[in-house]
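Participant: Before anything else, here's the structure in question.
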Amino acid sequence: MMEAVKVLDAKGMACPMPVVKTKKAIEEIDSGDILEIHATDKGAKSDLSAWAKSGGHELMDVAEEDDVLKFWIKKA
Amino acid sequence: MSQSVTTDELAKRVVNREETLILDVRNTDEFDEWKIEGGSVHIINEPYFNLLDGIGPVAEKLNKDQEIIIVCAKGGSSKMVAEMMEEEGFTNVYDLEGGMKAWSEHLEPVKIADLHGGGSLYQFVRLGKGCLSYMAVSENEAAVIDANRMTAIYERFAEEKGVTITHTIDTHLHADHISGGRQLAENTGGTYHLPPKDAGEVTFDYAPLEEDNDITVGNTTIQVQPLYSPGHTIGSTSLIIDDQYLLTGDILFVKSIGRPDLAGKADDWVGDLRETLYDRYKALSDDLIVLPAHYSFVEELDEKGSVKARIGDLYQRNPGLQVEDEREFRKMVTENLPPQPNEHENIRQTNMGKMNPENEKQREMEIGPNRCAVHG
C-alpha cells in the first residue's frame, strides 16, 4: 500500500467541503507526497477525481469500506 | 447573504420561457450527461473547484448586474459560489435550493383538457428527468397514471382539488424511474393497477390492467379503457381516457418511439413493438391525442409547457412511424441504442417489490437522464 504523509478526515462533510479541505491539505504537503482522504459524500468521488485532474495531481487509488470513500492523491 | 430560488420558481420560468441564465458549477462530466434545459435557458458550466482561488474564470464571461442562477448537485457549492460572486460585486445572483437533486424531483402540473361531465386531465411534467405522469379528475375522485416516486405531490394536488385518489395505474413495469403507484394507492386507500404480463415476479397484490376491464373515475363519468400494446415491455398497456386521449406509456413519444431492450429482450419484443405502432394504434381514430410517459427534448414542450400530439399527425412526422421495411425497423430499435438508464435493473427490481432501498438510495438510483426512447 502506498504511504500517505497525511490523512484528511472529511467524513460527514457535504459538498463542497471535501474538495475545499483537500485543496487546503494538499497545499501543506510536498510535491510527490501522497494525501489520503476519507469522505462519505458520494459526490466526492467524481468531484475529487475531476479536481485532481484539473490541478495536475494524480489520483492513485479509490476504495470504499463501510460506506467510507478513501482516496489517495499524489501532489503534482 | 445570497438569495435562493426554489425549483418551483425555476420550473415556472422554464415553462413560461422566460430568459434565464444558469451557471452550473458541477463537474463537467455530470454537466455533460444531464443539465437544466428549456427554450429560453442559457447555461454555462464551470466546476466550483476551479473557483476556489477566485471567481476569475466566470467573472470575465458575465456582467456584474446580470441575473444569474447558480446550480450544483445538492445546493452546497452553488451557495458558496453565489456568496463569492457577491463579494466580488455581482448584485443579482441566486442559488438553486437543493440543486439538481431537488430539480430532478420537481413535478410541474399542467392542465391538458376539460373532460366531459366537468372532469379534467392534468399532466405532471418532471422537467429534470423528462418523465410525464397524469391525473384524471372526475367528480370527487381521481386516477393517477404512471406516478413518480414523489407521491406527496399528487396527494397535495388531489387535496387542493378536493378529490380522493381511488386508482393508480402503471402502463408498464418502469425501468427508468421508481414508480410511486403502489405507495400512492397505499396512502390513499386506492387500487393499484399493473399489466399482469409485467407483474410475473412482483411481490405484492395488484389489480390486473387488462382490456375490457375499464376503470371508472367518479360515479358515472370518466372511462379509462386499457388497450394492450406490448413492445417496450411485454405487458405495456395504453389507456384511452374519455374517448379522446391515448396515454401511450413508453411505447410512442412525440418525436420518437419506445425501445424494446430495457428488460434484455430486444429481439423478442421488437415484433410486438412494430405490431403495436404499425397496426394496433393505426386502427384507432386519427384524432386521439397522444399523451406519452416521457419526452426527450425540451422542444417537445408546447407553449403551455405540456407534451402532446394528435396521433394522425404523428403518423405523418414521427420518424419512428415512417419505417415501412420491417428489417430496417428491427435494425433501428435493436442496434446503436443509447446507453441504458442508470441503475435500470435495480429500478425494475424495486418496482417489482424485490428490493426496498431506503429513500436516499432511491433518489440516487434515479439521478440522470431517462433514455427510454429510440430516435429514428
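Participant: Report, largest value first, the span of the C-alpha coordinates of region B:194-339 along each principal axis, in whole Å.
Facilitator: In descending order, the Cα extents are 47, 41, 28 Å.
Participant: Given the C-alpha centroids of region B:236-263 and region B:165-224, what is the distance between them in whole angstrom?
Facilitator: Centre-to-centre distance over Cα atoms comes out at 16 Å.
Participant: Continuing with this model, one more query. Which percent, nearest 5, of DSSP beta bridges in the protein assembly as shown are antiparallel? Working shown, then result.
Facilitator: Numbers: 48 of 81 bridges.
Just about 60 percent of them are antiparallel.
Participant: Per the Debye formula with a single identical scatterer at each Cα and no solvent contribution, what log10 I(q)/I(0) holds for chain A at q = 0.12 Å⁻¹?
Facilitator: Evaluating at q = 0.12 Å⁻¹ gives log10 I(q)/I(0) of -0.26.
Participant: When the accessible area of the protein assembly as shown is computed with all protein chains present and a 1.4 Å probe, what percentage of it is carbon and sulfur?
Facilitator: Accessible surface attributable to carbon and sulfur in the protein assembly as shown totals 43 percent.
Participant: Within region B:8-56, which GluC sites (Glu not before Pro) sit in a loop by DSSP and count at most 13 neighbouring Cβ atoms inside 10 Å?
Facilitator: Listed in order of number, the matching sites are B:18, B:19.
Participant: Another question, if that's okay. Fully extended, how many nm does the chain gain between residue B:40 and residue B:65 (0.36 nm per residue separation, minus their Cα-Cα distance)?
Facilitator: 7.1 nm
Participant: Excluding residue B:98 itself, what net charge comes from residues whose Cβ is under 13 Å from its Cβ, given Lys and Arg +1 and Asp and Glu -1?
Facilitator: Counting the neighbours of residue B:98, the net charge comes to -1.
Participant: May I ask for the angle, rounded to the nearest 10°, between helix A:44-55 and the longest principal axis of chain A, with both axes built from Cα atoms and the value confined to 0 to 90°?
Facilitator: 20
Participant: Also, I was wondering about something else. Using a loss threshold of 40 Å², tell me which positions in region A:39-69 are less accessible in the complex than in their chain alone. Probe radius 1.4 Å, ligands and nucleic acids ignored.
Facilitator: Hits at the 40 Å² cut-off: A:47.
Participant: Using a Förster distance of 45 angstrom, determine the FRET efficiency expected from the C-beta separation of residue B:28 and residue B:201, and round it to 0.05.
Facilitator: Given R0 = 45 Å and the Cβ-Cβ separation, E is 0.70.
Participant: Follow-up question, since we're still on this one. Quick one: dipole size for chain B, taken about the Cα centre, charges +1 on Lys/Arg Cβ and -1 on Asp/Glu Cβ, in debye to the nearest 20.
Facilitator: The calculation lands at about 240 debye.
Participant: Another question, then. Averaged per residue, what accessible surface does chain B expose to a 1.4 Å probe, in Å²?
Facilitator: Ligands and nucleic acids excluded, the result is 40 Å² per residue.
Participant: Using only Cα atoms and rounding to the nearest 10 degrees, what angle (0 to 90) does helix A:17-27 make with the longest principal axis of chain A?
Facilitator: Once rounded, one gets 10 degrees.
Participant: Let me ask you something else. Estimate for me the total accessible surface buried between chains A and B (protein heavy atoms, probe 1.4 Å, no ligands or nucleic acids), in Å² to the nearest 100.
Facilitator: It comes to approximately 1000 Å² buried between A and B.
Participant: Given the C-alpha centroids of region B:302-322 and region B:17-42, what is the distance between them in whole angstrom?
Facilitator: Centre-to-centre (Cα) distance: 26 Å.
Participant: Using alpha carbons only, how many angstrom separate the centre of region B:75-116 from the centre of region B:131-163?
Facilitator: Spelled out, the Cα-based centre of one part sits 24 Å from the other.
Participant: For region B:3-103, how big is Rg over Rh, using alpha carbon atoms and the Kirkwood form of Rh? Let's see the in-between values first.
Facilitator: On the way: Rg = 12.3 Å, Rh = 13.3 Å.
That ratio is 0.93, to two decimals.
Participant: Give the angle, between 0 and 90 degrees and rounded to the nearest 10, that separates the Cα long axis of helix B:151-161 from the longest principal axis of the Cα atoms of chain B.
Facilitator: The helix B:151-161 is inclined about 80 degrees to chain B.
Participant: In the protein assembly as shown, if the dipole is taken from +1 on Lys/Arg beta carbons and -1 on Asp/Glu beta carbons about the Cα centre, which of B:192, B:162, B:103 is farthest to the positive end?
Facilitator: Farthest along the dipole direction, towards plus: B:103.
Participant: Write down the percent of antiparallel bridges among all DSSP beta bridges whose residues are both part of chain B, to the nearest 5.
Facilitator: Of all bridge pairs located within chain B, approximately 55 percent are antiparallel.
Participant: Next question, about the same structure. Put one equal scatterer on each alpha carbon of region B:108-374, apply the Debye formula with no solvent term, and list log10 I(q)/I(0) at q = 0.07 1/Å to two decimals.
Facilitator: Log10 of I(q)/I(0), two decimals: -0.21.
Participant: Here's something else I'd like to know. May I ask you to compute the full-extension gain from residue B:349 to residue B:364, defined as 0.36 nm times their residue separation minus their alpha-carbon distance, rounded to one decimal in nm?
Facilitator: So the extension gain works out to 3.9 nm.
Participant: Also, quick follow-up: Rounded to the nearest 10 Å², what accessible area does residue B:174 show when all protein chains are kept and the probe is 1.4 Å?
Facilitator: Residue B:174 has an accessible surface of roughly 0 Å² with all protein chains in place.
Participant: To continue, here is another question. Hey, any idea what the orientation-averaged projected area of the convex hull of the protein assembly as shown's Cα atoms comes to, in nm²? Write down the numbers at each step before the final one.
Facilitator: Working: hull surface 94.5 nm².
If I average the Cα hull's projected area over directions, I get 23.6 nm².
The values are calculated or read from the model by the stated rules, or taken from the named source; none is laboratory data. All values derive from a computational prediction rather than experimental measurement. We place every Cβ from the backbone using ideal geometry, glycine too, and count neighbours over all the protein chains shown. Areas reflect the complete protein model, heavy atoms only, side chains present, ligands, DNA and RNA absent. Shrake-Rupley method; radii C 1.70, N 1.55, O 1.52, S 1.80 Å.
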